[in-house]
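Colleague: I'd like to ask some things about the structure below.
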Amino acid sequence: MSAAAAADLEALEADLLLEGVARHWGFDLRSHSRPQLLRRLRRHLREERLESFSALQARVLHDSEALEGLLRALSSTPTSLFADAAFFRDFRARVVPVLRTWPSVRVWHAGCGTGEDTYALAILLHEEGLWGRCRLYASDASEGLLADARTGVLPLPGEDDARRHAESGGRGSLSDYYTRDGNWALLQPKLRDGIFFTQHNLTIDGSFNEFHVILCRDTLLSFNRALHNRVHARLYESLARFGFLCLGRKESLARTPHAAAYEELEGSGHIFRRVT
Amino acid sequence: MSVGLLVVGAPRSAGADVETLLSMLPAHLPAPVVVVLHRGPHDLLAAPLGRRCALPVVEPDDKDDLVPGRVYLAPWGYHLLVDRGCVALSVEPPEHGCRPAIDALFESAADSYGAAAAGLLFTGHDDGQEGLGLLKARGGRVAVVKGGSESGEGQEGEVERLSLAEVGGWLTRLAYAARGRVQP
C-alpha cells in the first residue's frame, strides 16, 4: 500500500473512531483541531501498543476506562505551578487592583486539567488578600483529570517552581502553601477546599453562572475554528460586563464573534476586558 | 503536483543560515512559508530574520490564516502545526527536547498538504528527520541543507542534499512549479 493510500485509510479509521466516541459516549471530538488530534491519537496508539485506530475504537467503545485514557491523552495542562510566570505577574499588576475594589468576585477556570494553574491562581489570590471574597470554580470535560485536580496533590515543586513563583510577584515562600510527603506536595486544605471543581464540557454544556474573571488559557488550541468561535460565544455570555478574560499568550479574539466587545489590556499577556 | 506550502526546519545552530535562506525567497512566492527554528524563551527572532527577507516575517497567533507570500515563524513554547490554510498552535509535550519541534510541523504538513508540501531541513539535530521522511513518503518535495562550508553533493539516504548556495536554485524551481498552478 502506498503512503498516500495508508494515510487515507488512517483518516477513515480516525473518523470512525471519533464518530463512535461521539455517539456512544457523548464526547464530540469531531470539531477538534485535526492535525493536533491525529498527532495525539498516534502517540496514544504507540503508548497503548495498538496497531490501528480501529483497534483503539474497539477498546474505547467497550471500556470506559479506555475512554478516560483517551481523553487524558488528548488533554494538555501545565505540569507545574506558575508555569507561565509572566501571565501571573500581569494578572497581579493589572487585574488584582481592580478586583480589590469589588465586594465579591466569581472566578472560572475553564479547562483546568489536573489543576496546576488553578492552584497557582488560588495561591496568588491568597497572597493578595483576596481569597476571602473570591469564589473559584474550575471545570474540565474529563472526570479523570478533575479527580486528579481535586486531590490537591502535585509533584513536589523544585527550585524552578520557586523561581517562577518569585518572578510572578509572589512575596512569600511557595512552600507555605503545601506540606511535603516524599516527592509529593499536598496543598493546604484552605486552598483545596475553597475551589469548586466541576465537570463541564465547553463543547456542549451551556453557561452555568456569570463570572467576573474567566481563565481559559491554551485550552481552545485543541479546537478547530468553528468550535473555537462557538466556545467564545459561551465565554462571552458567562462574563460580566467589565469582567476579565484571560487567554493564552498566542491566543487571539480577532476572528471571534464578540471581538469588538473586548479591549485588550495594554502590555499584558493577552488579558482582555469586556467593555460592552 | 504544484506546491501549496513550504516548511523549513532548522536547529538553533543554523540561525544565520535561515536568515540567508529567507533572503533568497522570491518576492512573489505563491505559497506560505512556515519556519521552525529551535529557540529559547527570550530569543527575539522575527525582526532579525526579516531584515533581509523580501516577504513579511510574523509570529502568528493560533488559528491565523496562512497567506501566500508570508513567512510564519513558530513562537517559543508552542508547536506550530498547519491545518489546511490555517495555523494551529499546540502545547503538546516537547519532542526531542524542543518546543517548537520540527517533526511536529512536518508531520502536520504531510497530513494536511500531502504532496503539495515542500520541505527543507537544515542538518545538525535529530529533530525533523522523521518528519521529513513522512513528507517525502507522501510525495512532497524535500531536501536537506548542509550548513556553512560543508559541500552539499548528492543524496543523503534517499533525500536530495543541497549546500546553502544551491538552495536558491531549488527555491526558484519550486516557485516556478507553484506559479504553474495558477496560470492557465
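The values are calculated or read from the model by the stated rules, or taken from the named source; none is laboratory data. The structure displayed is predicted, hence computed values, not measured ones. So basically every Cβ, Gly included, is an ideal-geometry build from the backbone, and we count neighbours across all protein chains shown.
Colleague: Could you tell me which of the residues B:His42, B:His79 is more than 22 Å from B:Arg173 (Cα to Cα) and modelled with pLDDT of 95 or more? Walk me through it before giving the result.
Modeller: On the way: B:His42 fails: modelled with pLDDT of 95 or more.
Just one listed residue meets the conditions, B:His79.
Colleague: Given A:Thr203, A:Thr219, which one is crowded, with 20+ Cβ neighbours inside 10 Å, polar (S, T, N, Q) and touching a residue at least 60 places away in the same chain (Cβ under 8 Å)?
Modeller: A:Thr219
Colleague: Could you check, for region A:255-271, whether at least one of its residues is within 14 Å of chain B (Cβ to nearest Cβ) and touching an Asp or Glu at 6+ places or on another chain (Cβ under 7 Å)?
Modeller: So the first thing to find is which residues in region A:255-271 are within 14 Å of chain B (Cβ to nearest Cβ), and the list is A:255-257, A:259, A:264, A:269-270.
Filter once more, keeping what is touching an Asp or Glu at 6+ places or on another chain (Cβ under 7 Å): A:269-270.
Looking for residues that are within 14 Å of chain B (Cβ to nearest Cβ) and touching an Asp or Glu at 6+ places or on another chain (Cβ under 7 Å), one finds at least one in region A:255-271, hence yes.
Colleague: So B:Ala104 ticks every box in (1) more than 14 Å from B:Val36 (Cα to Cα); (2) facing another protein chain (nearest Cβ under 10 Å) but one. Which box is left unticked?
Modeller: Every condition holds for B:Ala104 apart from (1).
Colleague: If you don't mind, another one. Residue by residue through region B:133-142, note down the ones that are within 13 Å of chain A (Cβ to nearest Cβ) and of a type outside the set (A, V, I, L, M, F, W, C).
Modeller: B:Gly133, B:Lys136, B:Arg138, B:Gly139, B:Gly140
Colleague: While we're here: So which residues in region B:110-132 are of a type outside the set (A, V, I, L, M), within 12 Å of chain A (Cβ to nearest Cβ) and under 14 Å from the mean Cα position of the chain (by Cα)?
Modeller: B:Tyr113, B:Gly131
Colleague: Looking only at region A:93-120, how many residues end up being surrounded by fewer than 17 Cβ atoms within 10 Å (Cβ to Cβ) and of a type outside the set (A, V, I, L, M, F, W, C)?
Modeller: Total meeting the criteria: 5.
Colleague: Restricting attention to region B:1-21, which residues are surrounded by fewer than 17 Cβ atoms within 10 Å (Cβ to Cβ) and not in a helix (DSSP H, G or I)?
Modeller: B:Met1, B:Ser2
Colleague: Would it be correct to say that B:Gly119 is within 22 Å of B:Asp65 (Cβ to Cβ), at pLDDT 95 or above and either among the hydrophobic types (A, V, I, L, M, F, W, C) or surrounded by 20 or more Cβ atoms within 10 Å (Cβ to Cβ) (or both)?
Modeller: Answer is yes for this residue.
Colleague: Ok, one more. Exactly one of these conditions fails for A:Arg234: (1) among the basic types (Lys, Arg); (2) over 18 Å from the mean Cα position of the chain (by Cα); (3) outside any loop (DSSP other than H, G, I, E, B). Give me its number.
Modeller: (2) is the only condition that A:Arg234 fails.
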